[in-house]
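Every number here is computed from the coordinates shown, using simple stated rules; none is lab data. Source: prediction; values computed, not measured. No Cβ is skipped: glycine too gets one built from the backbone with ideal geometry, and neighbour counts run over all protein chains shown.
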Amino acid sequence: MRYWLSTAASVGTLALLVGCSGPAPSSDGMGPPGGVRQFVSLPENWAFAFQAEPVMKEARGLTPGGSAFQKSLYEGYMEHAEYEYGPLMMDFRDAIYHARKAIMAARGQTPEPTQMSERVIPADKVDELTQARARLVAALPGAVDTKPEPAGKAQSFFDCWMEQQEENFQPKDIEYCRNGFFAALDEIEVKPAREAVPEVMSLSTDVLFDFDKSNLRPQYAPELDKIADLLVKDTTTSILVWGYTDTAGPKAYNQRLSERRAETVARYLEGKGVSRSRMQIRGWGETNLAVQTPDNTPEQRNRRVEIRRR
């Protein structure tokens, strides 16, 4: 928290703004909320300074033990403690708060992330921080051993974000802590497995189109919706949209029909958010049969539109 020294020249008084709102920690800087923060007088502030001095000295003198996660916690909490303790901020109460958590981590203990009840958060930020804490708590058990450094950063940055958001008047400090939290969280969260786009998806034109038509049957659009959803999620994949017919009928007619049907499928995917630049569209007519047949032979397996990964 940044302290702003305000001079009231008319009366010659000095005051330090601890915060417009928020709970007052207990005297050791670690307790539950004790009321709404108000202005703190200069003598009161220096009382916290006298408490903070030995706490900071103890925290600085420790060599972190315990796990790699606890070491990361110690380093993160000390960064925030030093920032609050320094001459620019002089927020001695929050320096104590972060330093005591650093001491716990250095001694092989694991302090928990700041509880929502420990701070009075602006109403429009409560949901975001509540959800962020839930994601952090869910991600930590699987990350403390496998990704200890970003796990420690995620927790200490969350506590920093909570503190700065409670004060709610230093946008750059809020942004620094919030961005640090989400960057670290992104490293430790287990991402859901993305369904891969299949190598080849073959769609029967007897299902997609009426006989001798190139207009999609609306009831079968959900089949293409599934493919479009995969392609929208995986923007790195380019595709081939190829149309085919069987050997029944004139070859030239079948060629044009295969082209129209491939184009119809491509337009549908484009309408669902798949960029046309990712598609190569082509009709093959009677060539490249899935099942070899003589000329003028109806064969359902040859009447198809294929979507292939390029």
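Points to keep in mind about this one:
- Peptides 99-106, 258-265 ordered by average Cβ neighbours within 10 Å, highest first: 99-106, 258-265
- This model, with +1 at the C-beta of Lys and Arg and -1 at the C-beta of Asp and Glu, gives segment 190-310 a dipole about its Cα centre of some 480 debye.
- Pairwise inverse Cα distances across segment 200-309, averaged and inverted, put the Kirkwood hydrodynamic radius at 13.9 Å.
- Å³ per residue enclosed by the Cα convex hull of the chain: 179
- Cross-link pairs Lys57/Lys172; Lys226/Lys251; Lys71/Lys233; Lys57/Lys125; Lys125/Lys233; Lys213/Lys272 - those with Cα-Cα distance over 26 Å: Lys57/Lys172; Lys226/Lys251; Lys71/Lys233; Lys57/Lys125; Lys125/Lys233
- Label positions at Asp212 and Thr146, each projected 7 Å from the Cα along the C-beta direction, are separated by 5.9 nm.
- Residue-averaged [θ]222 nm for the chain, counting only DSSP H segments that reach four residues, each worth -39500 (n - 2.57): -15500 deg cm²/dmol
- Ranked list, fewest to most other Cβ atoms within 10 Å of each Cβ, for Trp46, Trp284, Trp161, Trp242: Trp46, Trp284, Trp242, Trp161
- Only beta bridges with both residues in the chain are counted; by DSSP, about 80 percent of them are antiparallel.
- Label-point separation, Lys226 to Gln280 (7 Å along Cα→Cβ), nm: 2.6
- Legend: Rg and Dmax of segment 143-192, from Cα coordinates, 11.7, 36 Å.
- Chain lengthening between Asp295 and Gln170 when straightened (0.36 nm per residue, less Cα-Cα): 37.3 nm
- Nonlocal amide H pairs with Met279, under 5 Å, H built at 1.01 Å: Ile239
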